[in-house]
Amino acid sequence: LSRLSGLPVVERAAIVHLEPFHGGTPVAFWRRPAESTPPKEIAILTLVGPGYFEAAGTRLLRGRTFQTTDRRGAEPVAIVNDAMARLISPDANVVGLCVPFDSQVRRGGCSHVVGVVESQGRSYLDDEPEPRVFLPWAQASNAVQFGAPSLVVRTRNPARDAAAVRAVL
């Protein structure tokens, strides 16, 4: 990743599992911050690294994206898409809320929502957007269960720059 990012033709590169339009369905169970019931709502779960949203061309609507400081040992954080934000709170004003996901509920924890990004379909551009939560790859203790990650690479001219990217890979 660092070698790719260092190429003059690469604008952004980031790690992701699962990449856009993959169609896979890892899910996160969650609950609204004010509820005390076990998590029963479902959202698609994606693990990403810093720079992912910029590399993928996903617009940030509110808050911030992930940073290199969002790693193990740091405060757990999450980014949600706007479809998920509307489920958490009717006004979609979720930045700063602490939302419990999966095993965090059993441990009495949660992830602070630091950003909201635009929604995308799961498999095709015209799919209905589904609620999605993004967690930092570096904070995922079970990232290995997800298998090998993918890379998202944004270049100035993909047709011309593909050979340089392939050479690094």
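Only protein heavy atoms count here; under a 1.4 Å probe, Glu11 has an accessible surface of about 90 Å².
Close amide H pairs (under 5 Å, H built 1.01 Å from N) link Ser119 with Asp82, Ala83, residues at least 5 positions away or on another chain. Taking 7 Å steps out from each Cα toward its Cβ at Ser36 and Arg71 produces label points 3.8 nm apart. Taking a ≥ b ≥ c as the square roots of the eigenvalues of the Cα gyration tensor, an a/c ratio of 1.5 or more together with a/b larger than b/c marks the range 34-76 as prolate.
Taking all protein chains as shown and a probe of 1.4 angstrom, Ile42 keeps an accessible surface of around 90 Å². Label-to-label distance for Ser89 and Leu169 is 4.0 nm, based on points extended 7 Å past Cα in the beta-carbon direction. In the assembled protein chains, Ser5 presents an accessible area of approximately 60 Å² (probe radius 1.4 Å).
The values are calculated or read from the model by the stated rules, or taken from the named source; none is laboratory data. Keep in mind it's a predicted model, so treat the numbers as computed, not measured. Neighbour counts run over all protein chains shown; Cβ positions are idealised from the backbone, glycine included. The accessibility values were calculated without ligands, DNA or RNA, using every heavy atom of the protein model including side chains. Shrake-Rupley method; radii C 1.70, N 1.55, O 1.52, S 1.80 Å.
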